[in-house]
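Read through the structure below, which is laid out as structure tokens, and then see the notes.
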Amino acid sequence: MTERMPRIILISAVVLGPLVLTYLAYSQPGYFTNQLYLGGLLLLEVLAVAVWMYRRVFFPLIIVAFLFAGLNLPVGGFWTAGRWVLLCVGALVGSVIMLKERRPHFSLFHMVAMFAVLAALVSVSVSQFPSVTFLKALSILLLFLYGSTGARLAVNGRENRFFVGLLTGCEVFVGALAALYAVGIDAMGNPNSLGAVTGVVGAPILLWGTLVSEKTLDRHRRMALYAVALYLTYASHARAGMVAALISSGLLLLPLRKYSLIAKGVIVVAILVSAGAIVEPENFSNMVSSVMTSVVYKDRGSNLLASRESPWQAATDSISKHPWFGTGIGTTKTTDNANVHLAMFSSSAAVTTENGSSYLAILVGLGILGAIPFFLLLLLLLGKIGRTVVWMLRTGRANHAPVPIAAVLAAGLFHAGFEDWLFAPGYYLCAFFWSLAFIFVDQAPSPAPKLGLTSTFSARQRGFGGVVPSQ
């Protein structure tokens with residue numbers, strides 16, 4: 001158990017819990033035949049276990065809850081509302097633990113994140129749908145608060161176990177996606193989401209796992225799953241996902257001078273593309289025709305970004321009409337009727353629209369002034385990613401905590417330029433990205449001192465590939 005709890009509370013729960021449930025079963029049997037009540041009881045049980053083992057359990061539980069809420073599978077309905085309960089509890093419990101242990105450490109990144117939340121809250125005053133904007137701002141507050149507390153607690157002092165669990169979870173996830181794809185089930189719901197999770201998350205983490213694996217069997221398994229992630233990204237035909245996978249792979253391999261592995265990767269990609277052409281010849285033909293028309297025959301009025309031109313133009317028009325304060329985060333002027341039906345736990349097409357870019361989306365919602373703190377957050381992340389790459393170049397090592405996170409964040413920042421997810425707190429990739437971002441702030445190398453460049457990492461080697469935190 002990772003958290004101390006008075007023994008009397010545990011004993012009372014074990015003794016009284018079954019008695020209370022037995023009494024309710026006899027006095028109110030309807031509670032146990034109603035799906036809503038059963039779902040609520042299940043959520044309470046999950047929360048109790050998760051709080052009891054907070055450091056070990058809560059981070060994967062939140063990521064799984066957000067993922068289930070977005071899957072095109074029957075498991076999604078319950079978690080549409082349940083994910084927010086988990087996030088709220090996770091943020092509050094994490095804050096209590098950090099204050100109780102009297103070791104909260106907050107940096108410039110956390111201060112800027114606070115101003116970003118304040119900017120989102122201020123945007124309520126200019127929104128046509130203030131209740132929706134307030135809920136969006138509250139969601140960002142909870143996500144940032146959990147990232148500043150609970151996500152950091154999940155890693156600090158237990159880096160090895162966290163990254164082993166992250167890598168194992170990624171293996172299971174990519175394997176499950178491949179199995180569902182093989183039987184014709186589109187678990188992610190649309191090709192862009194499939195390309196996003198495999199290109200931004202699956203590919204870099206599995207490649208990093210291949211680089212740090214000490215056992216041959218583990219290395220071969222992870223390399224095979226990395227190839228599967230690349231194939232799924234290619235099969236999605238999501239060009240942003242494909243380029244994101246290449247960027248993250250290059251960020252891992254080039255600084256480490258793994259040129260032979262790059263050559264092998266090119267061969268693997270060629271094999272995967274050839275296999276895709278054999279399995280799905282029509283899709284392959286359509287993709288080749290699209291690329292040839294866009295790149296080679298430019299005078300025919302088509303380009304690779306044609307699908308983004310319309311939403312980009314609409315977003316630009318909205319920014320020009322509301323340049324300074326926007327239209328309210330998560331909303332836009334899509335209708336003159338402010339009394340349309342609004343969903344409580346998920347976004348509605350009645351109040352928002354596709355912008356084709358997360359960066360345009362935040363400018364549409366908050367305007368130029370309100371978006372400044374969010375762009376400062378991204379600049380701080382880019383600076384830490386750059387320092388991590390420099391550290392990799394200097395040491396030629398990949399077996400440290402910030403390396404896989406830097407690859408995921410770099411891929412995510414590129415991919416967000418073509419999709420709207422980076423500031424959409426209900427989306428699983430957004431929750432995963434910002435949780436890792438707050439972890440990364442703690443783990444990334446500090447700026448080198450003026451006299452001599454020294455590593456900021458501990459010299460201790462701890463088991464799994466020597467993954468150790470920064471000091």
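FYI, it's all coordinate maths here, none of it is from the lab. The structure presented is a predicted model; accordingly, all values stated were derived computationally and were not measured.
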Q | Rg(Cα) / (2.2 N^0.38 Å) computed for the stretch 57-151, rounded to two decimals | A | 1.20
Q. Expressed in nm to one decimal, what extension gain is obtained for the pair Val266 and Ser107 from 0.36 nm per residue of sequence separation less their Cα-Cα distance?
A. 53.2 nm
Q. What length, rounded to one decimal in nm, is gained on full extension from Thr395 through to Ala277, with 0.36 nm per residue of separation minus their alpha-carbon distance?
A. 38.4 nm
Q. What residues have an amide H closer than 5 Å to that of Glu419, excluding those fewer than 5 places away on the same chain, when H is modeled at 1.01 Å from N in the peptide plane?
A. Ser358
**Q.** J(HN,Hα) series, the stretch 224-232, from Karplus relation 6.51 cos²θ - 1.76 cosθ + 1.60, nearest Hz, glycine and proline x
**A.** 5, 5, 4, 5, 5, 4, 5, 5, 5
Q | Of Lys136/Lys258; Lys264/Lys384; Lys321/Lys384, those spanning more than 32 Å from alpha-carbon to alpha-carbon | A | Lys136/Lys258; Lys321/Lys384
